[in-house]
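Report on one structure; see the data block that follows.
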Amino acid sequence: SQFSSNLMLAASPSDNSMAISNGGNIVSADNNHINFYTASGSLTNSFTYPSFFITSNTAWCDPRVLYDSDADRFIFILQYGNSSSTSLIKVCFSSTNDPNNVWHIYTYGSEYTSSGYWFDFPNIAITTNELFVTGNLALNNATSASGNIIYQITKSQGYAGASITSGSYLNISDGTYPLYTIVPLSWGQQGTSGPSIYLMATQNQSANG
C-alpha cells in the first residue's frame, strides 16, 4: 500500500530513515520526528525528539533506523550537536517488536568529546550479537572531518535495558591516512552475519575495505 509518511518541517535534506518489521510495524524517522505506523499506513505514534528523549535540546539530526529480524526488534540512533561541547549520540533499542512499547535509550559521546571532537554522519549495522555505529569526527567547531569512531555494542543487553558491554575505536587509519565515512555492512533484510563484520571507508577519494 502507499501512504504519506513524516512531513518535513525543516531544512532540506530531511535525512529520513525507515525500517519495517516482519510483523508489519514501521518506524520512520527524519530530522524532526520519529513516527510509528502499521503496514496499512495508520499512524500509531509520533514524537518530536525533545518529547521522545524528554529534553529541551532541539539540535537533533541524522537519524538511522534498523530492524533486527533475528531478535524481532528495532534499533534507532540519532546525533546531537555540532561542537565538542555539545555532541552526543543516542542509541535506542525497542524492548519488543512493537515500537509503541518502551525503548531503552543509551547515551554515547565522552569517548570522542574528551579529545575535542564532535560526531557527524552516523552509519549502523548489526551482526548476530552486536550493533556497530560509525561516524566521522571533526575537531572543535570545524565543519570538515579529521577523524572517525567505531562503536561495538552488545545487542541483547540493549534490548533488555541492561548495562551494555561496548567498545570504541578512535581514528582508525590505513597506516598513513585517516579513514572517512566508515560504513558497516549488515547482512540484508533477513538474518545476520557474524560474529565479525565488514566495513567500507573512503580515504583520499578512494575506497578501502
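The values are calculated or read from the model by the stated rules, or taken from the named source; none is laboratory data. None of these values were measured; they are calculated from a predicted model. Cβ placement follows ideal geometry from the backbone for every residue including glycine, while neighbour counts extend to all protein chains displayed. Note: accessible area is taken over every heavy atom of the protein model, side chains too, but ligands, DNA and RNA are not part of it. Shrake-Rupley method; radii C 1.70, N 1.55, O 1.52, S 1.80 Å.
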Failed condition for Y67, given (1) in contact with a Ser or Thr (Cβ under 6 Å, 6 or more places away or on another chain); (2) under 20 Å from G161 (Cβ atoms); (3) part of a loop (DSSP other than H, G, I, E, B) | (3)
Condition test on I182, is it assigned to a strand (DSSP E or B), at pLDDT 90 or above and aliphatic (A, V, I, L, M)?
-> yes
Please work out if P195 is within 23 Å of D68 (Cα to Cα) and assigned to a strand (DSSP E or B).
-> no
Is there a residue in the range 107-119 that is in contact with a Lys or Arg (Cβ under 9 Å, 6 or more places away or on another chain) and crowded, with 17+ Cβ neighbours inside 10 Å?
-> yes
Does the range 57-74 contain at least one residue that is more than 17 Å from Y159 (Cα to Cα) and among the hydroxyl-bearing types (S, T, Y)?
-> yes
May I ask you to list the residues in the range 71-89 that are in contact with a strand residue (DSSP E or B) (Cβ under 8 Å, 6 or more places away or on another chain) and open to solvent by 40 Å² or more (accessible area, probe 1.4 Å)?
-> R73, N82, T86
Only one of S146, S196 is among the small types (G, A, S) and over 20 Å from T86 (Cβ atoms), namely S196
Going by the conditions given, is S163 more than 19 Å from P63 (Cα to Cα), open to solvent by 40 Å² or more (accessible area, probe 1.4 Å), at pLDDT 95 or above and in a strand (DSSP E or B)?
-> no
Among (1) within 23 Å of T107 (Cβ to Cβ); (2) open to solvent by less than 50 Å² (accessible area, probe 1.4 Å); (3) not aromatic (F, W, Y), which single condition is L139 missing?
-> (2)
Per-region count, the range 39-61, residues open to solvent by less than 50 Å² (accessible area, probe 1.4 Å), in a loop (DSSP other than H, G, I, E, B) and of a type in the set (S, T, Y) | 1
